[in-house]
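Undergrad: Take this structure first; my questions come after.
What follows is calculated from the coordinates using simple rules that are stated; it is not laboratory data. Not measured: the values here are computed from a predicted model. Quick reminder, even Gly has a Cβ in these numbers, built from the backbone with ideal geometry, and neighbours come from all protein chains shown.
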Amino acid sequence: MKNLLVLSGHGQYATGLASNVAFIAGEHEDLMVVDFQLEDTEDTLKQKYESIIEAHPESSVVFVCDLVGGTPFRCATGISRTNPNIEVVCGVNTAAIMESLFMKDTFSAPELAQFLIEKTHESCVHVRLPQKSRTMLEVDGI
Amino acid sequence: MPNILLTRIDNRLIHGQVATQWSKVVGANLLLVANDAVADDEFRQSLMDMAAPSFAQTRYFTIEKTIKIINRASESQLIFLICETPQDVLRLVKGGVPIKKVNIGNMHMAEGKHQISKAVCIDDADIQAFKELKELGVELEIRRVPSEPADDINKLFK
């Protein structure tokens with residue numbers, strides 16, 4: 001089954017994150033955005049989510065929300081209670097989203113959600129310099 | 001014969017687009033940055049090592065060293081060669097490095113350059129280098145990221 005990623009958060013988190021990912025990874029049609037704007041209500045946000053889900057009956061949807069407990073998280077989680085093809089993750093970063101674009105359709109939606117979380121953990125680092133340079137593993141070659 | 005899968009011109013060398021997109025699409029396990037300044041700059045090397053994907057090793061050689069030792073690459077080294085300028089690529093080709101295809105990614109705007117593509121700006125010296133590369137039988141491609149279509153290469157020559 002095909003997986004859609006729907007980025008959603010307060011303000012322009014979603015469009016900002018999508019533009020950030022597109023700068024590096026190019027445009028991807030399976031990456032969608034829903035901004036939660038000041039003029040939105042919980043109902044209008046939910047409607048936006050539902051219209052995406054209805055427009056893609058063949059796909060599972062993983063919602064990538066900005067914040068645990070926020071309204072986008074609440075609306076997406078509410079929908080996921082009655083729809084088994086919906087997963088919700090929060091706080092996922094650029095590295096994880098980019099990496100998931102390569103292989104997202106090889107996963108089920110729950111696997112994709114787990115992958116996003118793992119890759120976010122791996123790529124969240126405190127930079128300390130100087131870094132030790134990489135070990136040379138090859139014996140022959142250059 | 002070294003397995004050079006692709007050569008890219010990118011003034012940022014190993015950065016986001018190269019590390020997360022191209023390395024994977026190309027299927028490289030060795031990112032070789034051929035650049036005289038970086039070969040002597042451990043700080044820039046360490047930052048690029050942090051960007052590089054875990055499945056690939058990195059090397060930072062001068063142009064001259066690259067020419068000298070590229071033929072000692074082992075069969076299992078799948079090389080993604082990364083250069084800053086077309087002039088450097090031309091030096092490699094003239095020095096005997098078997099480069100078949102060059103992907104032109106980022107060449108930033110600078111005094112005297114004009115923009116020919118979203119991320120590519122060139123001047124007369126670049127045009128000359130691209131013409132020579134073409135005459136030497138090197139395939140050229142303007143493409144910023146793998147998922148976007150290639151731009152018209154004829155823009156490189158005028």
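Undergrad: Among the residues of the stretch B:88-110, write down those that are assigned to a loop (DSSP other than H, G, I, E, B), of a type outside the set (Gly, Ala, Ser) and under 21 Å from B:Glu64 (Cβ atoms).
TA: Listed by number, the residues that qualify are B:Val97, B:Pro98, B:Ile99.
Undergrad: Condition first: farther than 19 Å from B:Lys118 by Cβ and within 14 Å of another protein chain (Cβ to nearest Cβ). Now tell me which residues in the stretch B:1-10 satisfy that.
TA: Result: B:Met1, B:Pro2, B:Asn3, B:Ile4.
Yes/no matrix, rows are residues, columns are (1) under 26 Å from A:Glu99 (Cα atoms); (2) within 14 Å of chain B (Cβ to nearest Cβ):
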| position | (1), (2) |
| --- | --- |
| A:Tyr13 | yes, no |
| A:Asn20 | yes, yes |
| A:Ile24 | yes, yes |
| A:Leu31 | yes, yes |
| A:Val34 | yes, no |
| A:Thr41 | no, no |
| A:Thr44 | no, no |
| A:Tyr49 | yes, no |
| A:Ile53 | yes, no |
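Undergrad: Can I ask one more? Looking only at residues in the stretch B:26-48 that are assigned to a strand (DSSP E or B) and at the interface with another protein chain (Cβ under 10 Å from one of its Cβ atoms), which one is farthest from B:Ile104 (Cα to Cα)?
TA: The residue in question is B:Leu30.
Undergrad: Here's something else I'd like to know. Residues of the stretch A:1-27 being touching a Lys or Arg at 6+ places or on another chain (Cβ under 9 Å) and either farther than 14 Å from A:Val89 by Cβ or not in a strand (DSSP E or B) (or both), which ones?
TA: Of everything in the stretch A:1-27, those that are touching a Lys or Arg at 6+ places or on another chain (Cβ under 9 Å) and either farther than 14 Å from A:Val89 by Cβ or not in a strand (DSSP E or B) (or both) turn out to be A:Lys2, A:Gly26.
Undergrad: Still on this structure: Report, by residue number, each residue of the stretch B:62-85 that is in a loop (DSSP other than H, G, I, E, B) and either within 22 Å of B:Trp22 (Cβ to Cβ) or within 9 Å of chain A (Cβ to nearest Cβ) (or both).
TA: B:Ala73, B:Ser74, B:Glu75, B:Ser76, B:Gln77, B:Glu84, B:Thr85
Undergrad: Any residue in the stretch B:11-25 that is without any contact (Cβ under 8 Å) to a residue 24 or more places away in the chain, within 13 Å of chain A (Cβ to nearest Cβ), closer than 25 Å to B:Ala110 by Cα and not in a helix (DSSP H, G or I)?
TA: No, the stretch B:11-25 contains no residue that is without any contact (Cβ under 8 Å) to a residue 24 or more places away in the chain, within 13 Å of chain A (Cβ to nearest Cβ), closer than 25 Å to B:Ala110 by Cα and not in a helix (DSSP H, G or I).
Undergrad: Quick check on this structure: which one of A:Ser80, A:Ser60 is surrounded by 14 or more Cβ atoms within 10 Å (Cβ to Cβ), part of a helix (DSSP H, G or I) and among the polar types (S, T, N, Q)?
TA: A:Ser80
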